[in-house]
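Novice: Take a look at the following structure, please.
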Amino acid sequence: ATKESSIKITKIDDLKGKSVGMVRDYSYGSEFDNYQGIKKVVCDHDKQLIAILDKGRIDLGVGDEKNLKFIIKNFGSKKLFETVYVLSEDPSYIGFSKKALGNKGKVLAEKFSDVLRQLKEEGFIEKIESKYF
């Protein structure tokens, strides 16, 4: 939400009657996706969502916090924003098809995990995030 809005959300029911921008074909978790009473305003991408929130056309925007912060920081905004509610902190996963890749998929998944773990341990991920977020 914009800081000037003073919107406070402590539970999903607090979203009732609010207009919430969301990106087409994304899932924000079953609780939000199936919740009735929210005026869901569908956008084509996160940059559009931030633009209409910035112009005051919606009350709130929903999305990945880091991604939205990146857009706000790098594409400009007239207003300050704040996170007012976290819908979910469920982790995201990357899948590698056993059917399409066979044993190569298993090897690729293991290598991917090893390299990602190494980048985190060396502080590389944190360094990159601090540059953009």
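The values are calculated or read from the model by the stated rules, or taken from the named source; none is laboratory data. Here the structure is a predicted model, which is why all the values come from computation and not from measurement. As a convention, Cβ positions derive from the backbone with ideal geometry for all residues, glycine included, and neighbour counts pool all protein chains shown. Note: areas computed on protein heavy atoms with side chains; ligands, DNA, RNA excluded. Shrake-Rupley method; radii C 1.70, N 1.55, O 1.52, S 1.80 Å.
Novice: Under 25 °C and 0.890 mPa s, how fast does the stretch 23-87 diffuse according to Stokes-Einstein, given a Kirkwood radius computed over C-alpha pairs? Answer in µm²/s, whole number.
Specialist: Details: Rh = 12.5 Å.
Value of D from the Cα-based Kirkwood radius: 197 µm²/s.
Novice: What share of all Cα pairs of the stretch 12-55, in percent, falls into each consecutive 10 Å distance bin?
Specialist: 28, 54, 18
Novice: Just subtract the alpha-carbon distance of ALA100 and ASP44 from 0.36 nm times their residue separation and send over the number in nm, one decimal.
Specialist: 17.1 nm
Novice: Go ahead and set up a Gaussian network model of the chain, Cα springs under 10 Å, then flag whichever of LYS55, LYS111, LYS40 fluctuates most.
Specialist: LYS111
Novice: Tell me, rounded to the nearest percent, the portion of alpha carbon pairs in the stretch 1-121 spaced more than 22 Å apart.
Specialist: 46
Novice: When the accessible area of the stretch 1-131 is split by element with a 1.4 Å probe, what percent falls to carbon and sulfur?
Specialist: 51
Novice: Around LYS39, under 11 Å between beta carbons, what's the net of Lys plus Arg minus Asp minus Glu among the other residues?
Specialist: Cβ neighbours under 11 Å give a net charge of +2.
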